[in-house]
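Report on one structure; see the data block that follows.
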Amino acid sequence: MHSNPQRLNLLPGIALIISSTLMLGARAQELPLVDADTISPHPFPAFTPNGSVYQPGESLSYTFQFGLIHAAQADISVTQVSPSQHGPSWEILVEGRTTGAFKWIFKVEDVYRSTIDAASGLPLHFHRDIHEGGYELRQDYAFDWTRNTVHSHRKKGDQDSVIATYLLPQTSHDMVSALYALRNVKWDQIQQGDTTGIPLFMDEEWFELKLVHQGIKPIKMDGKKYECIVIQPVIQTGRIWKKSNDLVVYVTNDSSHIPLYAETRILFGKIRMELTHAEGLRIPNSFGH
């Protein structure tokens with residue numbers, strides 16, 4: 001295992017609720033390359049649908065602040081798409097971009113798209129197209145859960161494409177489906193101080209993102225008070241963070257578990273994320289409808 005060498009920019013995780021920042025705190029595991037045709041298929045993982053806390057038609061909008069500067073915004077939507085061979089499928093689309101004067105300092109236009117199996121929440125396809133300053137990256141993943149493999153197509157800037165197939169140690173998530181898997185965690189069954197993990201495949205490496213339940217805390221936004229579950233990702237101090245508690249995520253303490261607010265203190269400042277709009281919620285709450 002080694003630390004994820006992902007580069008650091010001024011707005012880590014703009015389009016994914018600081019998820020890229022979360023991954024920087026994880027440990028990476030290199031995976032073996034395989035020829036998928038040599039692996040005998042097995043049945044698609046069987047799941048007993050427990051009911052997802054989100055649904056097609058849901059949309060969430062977030063703003064990001066770097067210090068006192070309104071730096072970026074992100075929009076997330078869930079739609080129903082054509083069924084896969086395994087059943088109904090949903091697409092989660094994330095679009096993030098810098099705004100106002102900040103886009104002249106550091107222009108970001110990112111698109112992430114994850115197609116998931118509606119019953120299990122497992123990713124079927126993942127697409128990532130990011131433009132951050134002069135950095136460009138396109139990634140496409142096709143997951144085969146009958147073989148536990150992921151076929152990766154990666155193109156960075158003007159470099160040649162890199163195509164490979166990896167063997168996954170277990171069912172895992174991409175960057176987007178991981179965030180929605182986080183919402184489906186039964187947080188009321190996890191004690192304060194206990195840790196849960198979400199396995200994911202990102203940048204052609206495998207991680208287990210570990211999250212600590214830090215209890216219930218009210219936060220105030222736009223004059224309203226919301227009761228939230230405080231989640232603290234397990235991060236590595238030194239390169240980006242000074243303290244182990246420098247990254248905190250607040251999700252609504254209801255059945256929706258919507259990320260409402262997040263804050264990370266890094267070596268050169270503070271980044272804050274705040275939910276500004278929610279609609280189409282499966283379980284209406286005091287924020288959305």
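The values are calculated or read from the model by the stated rules, or taken from the named source; none is laboratory data. What you are looking at is a predicted structure, and each value in this text was computed from that prediction instead of being measured. Glycine also receives a Cβ, built like all others from the backbone with ideal geometry; neighbour counts cover every protein chain displayed.
Evaluating Lys225 against the criteria (1) modelled with pLDDT under 80; (2) more than 19 Å from Ile76 (Cβ to Cβ); (3) not hydroxyl-bearing (Ser, Thr, Tyr) leaves one unmet condition, (1).
For the stretch 183-195, the criterion of a residue being part of a helix (DSSP H, G or I) and of a type in the set (Lys, Arg) is satisfied by at least one position.
For first residues located in the stretch 115-135 and among the hydroxyl-bearing types (Ser, Thr, Tyr), partners that are at pLDDT below 90 and assigned to a strand (DSSP E or B) and lie 6+ apart or on another chain with Cβ distances below 8 Å form the pairs Thr115/Ser84. Of the listed requirements (1) at positive phi; (2) under 20 Å from the mean Cα position of the chain (by Cα), Leu124 misses just one: (1).
Filter the stretch 247-265 down to the residues that are touching a residue at least 60 places away in the same chain (Cβ under 8 Å) and assigned to a strand (DSSP E or B), then identify the one that is farthest from Trp187 (Cα to Cα). My answer is Thr264. When the stretch 128-142 is limited to residues that are part of a strand (DSSP E or B) and not charged (D, E, K, R), the one that is surrounded by the fewest Cβ atoms within 10 Å (Cβ to Cβ) turns out to be Tyr135. Residues that are among the hydroxyl-bearing types (Ser, Thr, Tyr) and assigned to a strand (DSSP E or B) were ranked within the stretch 105-123; the one that is nearest to Thr146 (Cα to Cα) is Thr115. So, in the stretch 87-104, exactly how many residues are closer than 30 Å to Phe268 by Cβ and in a strand (DSSP E or B)? Counting residues in the stretch 87-104 that are closer than 30 Å to Phe268 by Cβ and in a strand (DSSP E or B) gives 5.
Do you know which of the residues in the stretch 54-86 that are of a type in the set (Gly, Ala, Ser) and outside any strand (DSSP E or B) is farthest from Phe268 (Cα to Cα)? It comes out as Gly57.
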